[in-house]
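One structure below.
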Amino acid sequence: MLSNQPWYHGNITRSTAEDLLSKAGKDGSFLLRDSESIQGAYALCVLYQNCVYTYRILPNEDKKLSVQASEGVPIRFFSLLPDLVEAYYKENMGLVTHLQYAVQKEEEPEEEPEPFSLPPQLPPRNITCNECKDGHSDSSRGTDRGTELSRPSISDTYIQRLQQIDISNLPEDHQKSIQEYFRSSVCLDAEHVQNGNPTLPHLKKLTQSICKNLNSEIARTLPSLEVLQKVLDQPLSPGVGRLRSQVSKNESKQEILFLISNVHLPEVNAVFDSVGYDGGHRKSLIPPVTFEVKWDSLGISNKMYLKVDVEGGKVFFKKSKDGPEDKYFVHNKILQLVKSQKMHNRLVLVVETEKEKTQRKDFVFDDTKKREGFCQLLQQMKNKHSGKPEPDMITIFVGTWNMGNANPPPNITSWFQSKGQGKTHDDTASQIPHDIYVIGTQEDPLGEKEWIETVRGALRDITNISFKQVTTQTLWSIRIVVLAKPEHENRFSHVFCDSVKTGIANALGNKGAVGVSFMFNRTSFGFVNSHLTSGSEKKLRRNQNYVSILRFLNLGDKKLNPFDITHRFTHLFWLGDLNYRVDLPAQEAENIVMKIKQQQYQDLLARDQLNMEKEEERTKYNLPSWCDRVLRKSYPMAHVVCNSYGCTNDIMTSDHSPVFATFDVGVTSQFVSKNDLSKDAQGAIKIMNCVAVLLTKSKTKFFIEYHSSCLEKFVKSPEGENQENTEGSIKVRFSGQVELTPIIADPEYLLDQHILICIKSTDCDESYGEGCVALRSAESSYTEFCIKLIHHGERTGLLTGGIQLPKSDGKQTEKLYGECTVCFWTAGPVQNCAVKSSSVLATDISNPSYMGVGYKSNNQADRGPSNIMSPRTGPSSGHSSKDMTHGNMSPKKTSYDHATSSPTTKTSNPM
């Protein structure tokens, strides 16, 4: 096994590998790690003359491994990694130097199991079916065996899970089959697996039984649907005269058009004809536009034409360009546009076919610009006829609560009304509903369905609104739930969920994270609820938990693989029981309580484990602390304002109090240009004079990748020139100018966009740092930028350069929140949460191990990955950030045995 090889280090980061090789200090020292860029590949890292050289090891189609070494050296293939390593101990194999000294893995201290409540446990691996059914063992089998069987059996475990799921909508015979499988047959499948047969024959039999009628139903149903479609596709001519005679000529067009929205689609033409309405084509400001698209029907690709009539408020579906216009949808029946992230010319149209029934229509356009033109016309049509423009700002409630494995009290409404300690809502605003509620829990004893109904019931009591469930994700007792107003249901798309275990050996889910992501119209959101390792002395383990979550939580746009979750979303919120503590000796407990009561937070913040990582005397005595946090990170110049942050003081069932935070968040929708849509705007985003300073000892060449939702695909820069190579860093200059061609070149559209930047090596295609530039910073003219580079939570360097946008002559659309302000916020004391313009300490959410400060460029600080720590913490190394929203911490009960809330960022010296 590879884990037994001393030179194999698994999925350590590139920077960790460089540190290990630097400590070794001998030419020819080497190690192998997993590739960060290609799954199933490896990276061979070799030290030579104090520089690290990295070579990719790639598998071919036959799973044979080869090293990408110097040109001109014959490629050799190996079946096993140990054989490959052994071969490269020889000289002249294409490496900078032959392998000599294997750098061994550092021994990690064994983790002590911490107290936690397991979910229903699986039975011992040698369990038998009869034991599953009986649920007990003969006393003659001994005490140990009896102890094992005291755990819930695998059958009981799955039955309990099944009981938490609503299956009342399933056919009765399917319900019985599923229940019977988990009562008896699942144990037989477990035996098969234990004996080396992974085919799960009984589960296979169950699925075949459930699906046995599927093929016949499809064959029986499709012809009927085709007949129905043919009938409905025909023009509805009978009754036109009758309708015409019934409609008074004095009725206004507006009244008729309002009635039309409630008439079945085949009758719409007849009503239009009866009042002599021609769709306003002759007086149209925007003439109808026809798009040629492809769509699949029964697995066969067909050509279709979509005609958008903005003034008439209709979209026609035609089989030929000059064909009849008898099938169309009115504007209010078009519910949602979902743009594919994999294929930039693909679009899903969600329409209402009849009352509360929807249909998804999947189309492929000739190119991305055609798709964007279609979307702009549809949005303009909806804006023109609905009278309800899309929102450009929403409010979000984010809450976290460690429930302590206790059921909640009957009334938890104070949590959702932001009442209690800290920065709270005024009573006059406590009944106002938020647009989105995101609720994270840890040590949650309730079933998923029961907890969601509890939350929805509390919100219903406050707002009289029945909130819709967007998504939920659960890992053992860690859970995140997203609810939204019903009116926003069709504004959500691209919903993803994932989880990461960080318990003992990263195999147990009692600690870890659950996450969800989605698009709200054209704005991306990510939410992470984490429960990190507890214990005052385990801050380094908590930092490792954080990095593991960053690396392996798979959310958002999959095309952004070079970037972790801190760069994938316009707005990222990180909440949970982070378990960082006040780093003071146990004898200071009484003094800490006194300072909390007197609201003297400065001294406590100075000893916060996330503000400092100095070694102190370790103790297992849990001091009064702040463990529960809500943090956020947004793209530069994205609008976010924190309106409340605190904790309740009337919910006492757990030793942690529920924490609340509310935000005003700027969002974007489908862009509609004020210019002539029939003429493509011309222009490019120009990036030039880029210079990177990278903290690395790698000996390689570099290039830049530019990613953005406003680009059809990512763009690579030419290879940079390595100019200086000092101890531990390298300076790279990228000469020339890179032009990025946006999907929409309208300057007003571009001002809401961001460019994600990733610096990669040419030898292994791995990232050496990522950052983000707001195009709004270049609104008026050529603008220089300076951004810090982050990779897997570690500060890896700086990138400077210049950016220029196409010029705009038109007036920008005014937004509800006015000018965009940059406000990056993190935890601070509840009582000290007013907005101030004082110097504050800027820190990274990106990595608990690194602290950064804002870098100015043309009076615009780049604070993309930054948060603001608590107020009144003194000057920040000469840099100051003004007009920023301060967050706060929310203390729970000041019991000596448990902790509440604490910041999530470990600090070190600024670069």
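Looking at (1) open to solvent by 20 Å² or more (accessible area, probe 1.4 Å); (2) in a strand (DSSP E or B); (3) on the phi < 0 side of the Ramachandran plot, which is the one condition that is false for HIS494?
Unmet condition: (3).
Say whether the condition of being open to solvent by 20 Å² or more (accessible area, probe 1.4 Å), in a loop (DSSP other than H, G, I, E, B) and at pLDDT below 90 is met by at least one residue in region 376-385.
no
Restricting to region 425-468, give me the number of residues that are crowded, with 16+ Cβ neighbours inside 10 Å, of a type in the set (A, V, I, L, M) and assigned to a loop (DSSP other than H, G, I, E, B).
1
Name every residue in region 518-540 that is in contact with a Ser or Thr (Cβ under 7 Å, 6 or more places away or on another chain), among the small types (Gly, Ala, Ser) and outside any loop (DSSP other than H, G, I, E, B), in order of residue number.
SER524, GLY526
What pairs come up if the first residue lies in region 444-460 and is free of Cβ contacts under 8 Å to residues at least 40 places away in the same chain, the second is in a helix (DSSP H, G or I) and surrounded by 15 or more Cβ atoms within 10 Å (Cβ to Cβ), and their beta carbons are under 6 Å apart, counting only those six or more places apart or on different chains?
So the pair list comes out empty.
Given the condition exposed (fewer than 14 other Cβ atoms within 10 Å of the Cβ) and either under 13 Å from SER155 (Cβ atoms) or at pLDDT 75 or above (or both), answer yes or no: does some residue in region 185-194 qualify?
Within region 185-194 (the criterion being exposed (fewer than 14 other Cβ atoms within 10 Å of the Cβ) and either under 13 Å from SER155 (Cβ atoms) or at pLDDT 75 or above (or both)), the answer is no, since none of the residues qualifies.
Could you list, in sequence order, the residues of region 473-503 that are touching a Ser or Thr at 6+ places or on another chain (Cβ under 7 Å) and basic (Lys, Arg)?
Result: ARG479, single match.
Output the residue which, of all residues in region 469-491 that are polar (S, T, N, Q) and not in a strand (DSSP E or B), is most open to solvent (accessible area, probe 1.4 Å).
Within region 469-491, the first condition is being polar (S, T, N, Q), and the residues that meet it are 469, 471-474, 477, 490.
From what is left, the residues that are not in a strand (DSSP E or B) are 477, 490.
Working: SER477: 20, ASN490: 55 Å².
Restricting to residues being polar (S, T, N, Q) and not in a strand (DSSP E or B), the top hit is ASN490.
Could you check region 654-680 and list, in sequence order, the residues that are open to solvent by 10 Å² or more (accessible area, probe 1.4 Å) and either in contact with a helix residue (DSSP H, G or I) (Cβ under 8 Å, 6 or more places away or on another chain) or modelled with pLDDT of 95 or more (or both)?
Selection gives SER669, GLN670, PHE671, VAL672, SER673, LYS674, LEU677, ASP680.
Could you say which residue among LEU805, LEU798 is open to solvent by 10 Å² or more (accessible area, probe 1.4 Å), under 24 Å from GLU372 (Cα atoms) and not aromatic (Phe, Trp, Tyr)? Break it down into steps so the answer makes sense when it comes.
Values: LEU798 fails: under 24 Å from GLU372 (Cα atoms).
Answer to the check: LEU805.
Only one of (1) closer than 22 Å to GLU18 by Cβ; (2) touching an Asp or Glu at 6+ places or on another chain (Cβ under 6 Å); (3) surrounded by fewer than 18 Cβ atoms within 10 Å (Cβ to Cβ) is not met by CYS758, so which one is it?
Exception for CYS758: condition (3).
Could you tell me whether ASN506 is open to solvent by 20 Å² or more (accessible area, probe 1.4 Å) and under 27 Å from GLN753 (Cα atoms)?
Numbers: open to solvent by 20 Å² or more (accessible area, probe 1.4 Å): yes; under 27 Å from GLN753 (Cα atoms): no.
No; evaluated as a whole, the condition is false for this residue.
Here's the yes/no breakdown for (1) free of Cβ contacts under 8 Å to residues at least 60 places away in the same chain; (2) outside any helix (DSSP H, G or I); (3) farther than 30 Å from TYR42 by Cβ:
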residue: SER735; (1), (2), (3): yes, yes, yes
residue: VAL738; (1), (2), (3): yes, yes, yes
residue: TYR749; (1), (2), (3): no, no, yes
residue: ILE759; (1), (2), (3): no, yes, no
residue: CYS764; (1), (2), (3): no, yes, no
residue: GLY769; (1), (2), (3): no, yes, no
residue: VAL773; (1), (2), (3): no, yes, yes
residue: ARG776; (1), (2), (3): no, no, yes
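Any residue in region 166-195 that is under 28 Å from ILE452 (Cα atoms) sitting within a Cβ distance under 8 Å of a residue that is part of a loop (DSSP other than H, G, I, E, B)? List the pairs, counting only those 6 or more apart or interchain.
Short answer, once both residue conditions are applied: GLN175/ILE167; ILE178/ILE167; ILE178/LEU170.
With respect to SER418, determine if the residue is under 30 Å from PHE496 (Cβ atoms), of a type in the set (Gly, Ala, Ser) and in a loop (DSSP other than H, G, I, E, B). Outline the logic, then answer.
Working: under 30 Å from PHE496 (Cβ atoms): yes; of a type in the set (Gly, Ala, Ser): yes; in a loop (DSSP other than H, G, I, E, B): yes.
Yes, satisfied.
Is there a residue in region 484-492 that is in contact with a Phe, Trp or Tyr (Cβ under 9 Å, 6 or more places away or on another chain) and free of Cβ contacts under 8 Å to residues at least 40 places away in the same chain? Walk me through it before giving the result.
Kept after step one, since they are in contact with a Phe, Trp or Tyr (Cβ under 9 Å, 6 or more places away or on another chain), are these residues of region 484-492: 484-486, 488, 491-492.
Imposing the further condition that a residue be free of Cβ contacts under 8 Å to residues at least 40 places away in the same chain reduces the set to 486, 492.
Looking for residues that are in contact with a Phe, Trp or Tyr (Cβ under 9 Å, 6 or more places away or on another chain) and free of Cβ contacts under 8 Å to residues at least 40 places away in the same chain, one finds at least one in region 484-492, hence yes.
Output the residues belonging to region 510-559 that are at pLDDT below 90 and within 12 Å of the chain's Cα centre (by Cα).
Selection gives LYS558 alone.
Quick check on my filter: what residues within region 14-53 are of a type in the set (S, T, N, Q), open to solvent by 10 Å² or more (accessible area, probe 1.4 Å) and in contact (Cβ under 8 Å) with a residue 40 or more places away in the chain?
Of the residues in region 14-53, the ones of a type in the set (S, T, N, Q) are 15-16, 22, 29, 35, 37, 39, 49-50.
Remaining after also requiring open to solvent by 10 Å² or more (accessible area, probe 1.4 Å): 15-16, 22, 35, 37, 39, 49-50.
Answer for region 14-53, where residues must be of a type in the set (S, T, N, Q), open to solvent by 10 Å² or more (accessible area, probe 1.4 Å) and in contact (Cβ under 8 Å) with a residue 40 or more places away in the chain: SER15, SER22, SER35, SER37, ASN50.
Tally up the residues in region 642-653 that are assigned to a strand (DSSP E or B), open to solvent by less than 40 Å² (accessible area, probe 1.4 Å) and of a type outside the set (Gly, Ala, Ser), please. Show your work before the answer.
Step one: filter region 642-653 for residues assigned to a strand (DSSP E or B), giving 642-647.
This time we only want the ones that are open to solvent by less than 40 Å² (accessible area, probe 1.4 Å), so: 642, 644-647.
The next check asks that each one be of a type outside the set (Gly, Ala, Ser); those that pass are 642, 645, 647.
Number satisfying all stated conditions: 3.
List the pairs whose first member sits in region 630-648 and is among the basic types (Lys, Arg), whose second member is assigned to a strand (DSSP E or B), and whose Cβ atoms are under 6 Å apart, counting only residues at least 6 apart or on separate chains?
ARG632/PHE573; LYS633/LEU572
The values are calculated or read from the model by the stated rules, or taken from the named source; none is laboratory data. Note that this is a predicted model, so its numbers are computed, not measured. Positions of Cβ are generated from backbone atoms using ideal geometry, with glycine treated the same way; all protein chains shown enter the neighbour counts. For accessibility, only protein heavy atoms count, side chains too; no ligands or nucleic acids. Shrake-Rupley method; radii C 1.70, N 1.55, O 1.52, S 1.80 Å.
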